[in-house]
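Notes for the one structure printed next.
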Amino acid sequence: MKQRQPVGTGRRMVLGLLASALLAPLMPGAVGAQVEELFSRHVQVFRPVGEFAPNIIKLSPPGAGWQEVDGKEHGFRLRLPPAAKLDATVKESRVLHVMFAPEGPAPRPELRIDAFTPEPGEPTAVDPDYADDYAEEYPKSFKGKFKVTDQGTLVIGKQKARLAYVGGTYLQGAVSAYRMQCAYLSPKRQIFLTFDCSEADWERYSTEMGQILLSFEGTAKGK
């Protein structure tokens, strides 16, 4: 599968889960064989693997107080936490850099968004097969030293924005880090959202990342 690596290190069984007790079996490495879809009123997750999927279906989109980011010239719109520091300076493919904790030990939690114009022959839409290939290929940019713990396809909100996501752990120096990268594809724009933090901080920031994704809208249309 041909895919971008913008940040360089780059069957259907529907289960409506209504009680948290039913989420216990959804552990990394075990989910793919058991569940084809998780859903809430805000998001569907197809072929989920890992803990991120059962967590995001418990969340709601962010409300008042979150910062609105209208990147329509780059093909997206979303919201960010009130305390996040934004840098919208375009640098090559990067169109937005977000710091969640400007001070503290590395790796500090940060989100970057990269935007590309699709090249001929590249995919222009996300589906579960693309997401599976994306998760399989992604560790190769780390020479195999990236352990995938989360993957799936998100279908978000009334707009039905589709994002493939892959998350996992890798070493940044001597520190175990966590990265999640999400891909949104359309005929006119490819958007990649990449979040990094220490593995120890991921549990804290996974909720904010989930809410950011629930606010995501793709604005680049085309045939």
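Determine one quarter of the surface area of the Cα convex hull of segment 42-123, which equals its mean projected area, and express it in nm² to one decimal. For segment 42-123, averaging the hull's shadow over all directions gives 8.1 nm². Return the subset of Lys72/Lys140; Lys72/Lys158; Lys72/Lys160; Lys85/Lys188 for which the Cα-Cα distance in this structure is over 20 Å, preserving the input order. Those over the limit are Lys72/Lys140; Lys85/Lys188. Taking amide H positions as modeled 1.01 Å from N, with prolines and chain starts lacking one, the residues under 5 Å from Ser215 and 5 or more places away or on another chain are Arg79.
For segment 110-138, the residues whose backbone nitrogen is under 18 Å from a point 7 Å from the Cα of Glu92, taken along Cα to Cβ, are 111-119.
The slack between Lys147 and Ser60, meaning 0.36 nm per residue of separation minus the straight C-alpha distance, is 28.5 nm.
Full extension of the chain segment joining Lys72 with Ala101 gains 7.8 nm, where the gain is 0.36 nm per residue of separation less the Cα-Cα distance.
For segment 121-154 and segment 201-220, what is the separation of their Cα centres, given in Å? Comparing the Cα centres of segment 121-154 and segment 201-220, I get a distance of 18 Å.
Based on Cβ point charges of +1 for Lys and Arg and -1 for Asp and Glu, what charge dipole magnitude is obtained for segment 32-174 about its Cα centre, in debye rounded to the nearest 20?
On the way: 18 positive and 20 negative charges, 94 e Å.
Charge dipole of segment 32-174: 460 debye, to the nearest 20.
Extents of segment 48-198, largest first, come to 41, 38, 36 Å (Cα atoms, principal axes, whole angstrom). Rounded to the nearest Hz, the phi-derived 3J(HN,Hα) couplings of segment 114-129 under the Karplus curve 6.51 cos²θ - 1.76 cosθ + 1.60 (θ = phi - 60°) are 10, 10, 9, 8, x, 8, x, x, 7, x, 10, 7, 9, 9, x, 5, where x marks glycine and proline.
For segment 95-104, the Karplus equation 6.51 cos²θ - 1.76 cosθ + 1.60, evaluated at θ = phi - 60°, returns couplings of 10, 7, 10, 10, 9, 8, 8, x, 10, x Hz by residue, with Gly and Pro reported as x.
Just so you know, all these numbers are worked out from the coordinates, no wet-lab data involved. Because the structure is predicted, anything quoted here is derived from the model rather than measured. Ideal geometry is used to build each Cβ from the backbone, glycine not excepted, and the neighbour counts take in all protein chains shown.
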